Amino acid sequence: MTLFYRLFVIISSIITIILDMVTTQHIQNNLVLLPFVFVLLFVVFPSFSRYIFNNLGITIINFTMLLRYVVSPFLMALYGSDIQMGSTVSIDIQSKAVLLMVYEMIAMFLIFALLHKYFYSNNSKIRNVKSQSNIFGWIFIAFALLIIISQPSVLGNYSFIWSASKLKTDTANENVTLFALLIQLAQIVFTVSILNIIHKYYEKKNSIIYLFLSFIVIVASASFITGTSRSSIIIPLVTGLFALLVLYNKYRKLIIGSSLILSLLVISVSTLLKQQTNVTIGSRSLYHSAGPLENLTLIFNYIFLA
């Protein structure tokens, strides 16, 4: 499986390099550096993909970097770099941004190559984790409920992504208060606390149904987005999925595969909602109507290049 992934990355990177070199679209003149440097570092440092299907964090990093440094330049080569929302960014600034992404990429590969042996191993054994009481977590949740009762306005910007037609915001700049941050933190604590309770039942009956129930809890928690900030759904989502990986290590492959599908689904839906939200900066609307593949280019640029 790892070999197949490596071949896919190398072949897709080569195709993207060729497209970036021959395209007639209006793109950054140094855009080809992204897939070129990525595949070069990917080959030079095989440790970066060695544990891709053994660790959820490494899986997410690998696929995110593939989308960021290969898929996005590929779509730009097809449709250009002018498909965007918000203020227009000059091509010179975009070219400088490409260089910053190259520096970022090199730093990530070097840090991982130097430190991965201290954290990851093919022979590492995962300890079974037992559920424990979480009294301080529930105290914090109770405190958050008091905040909601006394300041119900903190919930005003929440949207449920599966039923909303657009996000609850009328301005591009939102006021982030301490209360709102505490509520978001309490949401994560509450999610993990519920997962802890479910795992206690799993320890007694050892049924996979509790794993599926945990997935439902995580998706429900990650379905509430604050304003237009996708971090408010990504953080509970990643936290919950990582907790599952620790609690149910017996089903690691199932969890990793399901996590990728759920993450792409939730992030895509929230991104489309954000695209539908007519947030106006000055006289320019952020709503963009284009073809489906052009919108795909927009989505990838918006997620990975913004």
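If the segment from residue 203 to residue 106 were pulled out straight at 0.36 nm per residue, it would be longer than the present Cα-Cα gap by 30.6 nm.
Each label was represented as a point 7 Å from its Cα along the Cα-to-Cβ direction; for residue 142 and residue 155 these points are 2.0 nm apart. The label point for residue 265 and the one for residue 30, both projected 7 Å from the Cα toward the Cβ, are 4.1 nm apart. Using a Förster distance of 35 angstrom, determine the FRET efficiency expected from the C-beta separation of residue 116 and residue 258, and round it to 0.05. Once the sixth-power term is evaluated, E becomes 0.90. Annotation: peptides 110-116, 247-253, ranked by per-residue average of other Cβ atoms within 10 Å with the highest first, follow the order 247-253, 110-116.
Every number here is computed from the coordinates shown, using simple stated rules; none is lab data. Treat the numbers as computed from the prediction; the structure is a model and nothing was measured. Here Cβ is always computed from backbone atoms with ideal geometry, including for glycine, and neighbour counts include all displayed protein chains.
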